[in-house]
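Each reported figure results from applying straightforward, stated rules to the coordinates on display, with no laboratory input. Note that the coordinates shown come from a computational prediction; the quantities given were computed from them, not determined experimentally. Here the Cβ positions follow ideal geometry from the backbone for every residue, glycine too, while neighbour counts run over all protein chains shown.
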Amino acid sequence: MRSSRLVIAALAVAGGLAAAWPALAGTATLKGFVGPGFSIGTSSKTVAAGTVKLVVTDKAAIHSFHVRGPGVNVKTSIAGIGTKTFTIKLKKGATYRFFCDLHPDELHGSFKAT
Ligand SMILES: [Cu+2]
């Protein structure tokens, strides 16, 4: 009785790992930055649609990095600095805008999911 339960638990763990593995391998990475000074940008103007790891480096205590578009609305804080990673899901053909919440007219840009 006891050993059969262990086997079932082990099979469930192995199945879970197998399911998670291909998703991790296929995840694209997009880098975003804001600061120092009045600068904002991303590592690319286009990124593959689907699950994307967005790594934002926020070097300014007066800016945020805010990304908005279909199904996505993530941001760093204005006062905070440092690196923050978001897992976002991009829709094919959609345009995503990024900007600073405090200076949206000066600091903004966009990228497209292809
Ligand atoms: Cu700002």
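Scanning the stretch 70-108 for residues that are surrounded by 12 or more Cβ atoms within 10 Å (Cβ to Cβ), part of a strand (DSSP E or B) and either over 16 Å from the mean Cα position of the chain (by Cα) or at positive phi (or both) returns a single hit, His108. Search the stretch 57-75 for residues being away from the ligand (no atom under 11 Å from the Cβ) and in contact with a Ser or Thr (Cβ under 7 Å, 6 or more places away or on another chain), and hand back the single one that is nearest to Gly41 (Cα to Cα). Looking at the filtered set, the residue picked out is Thr57.
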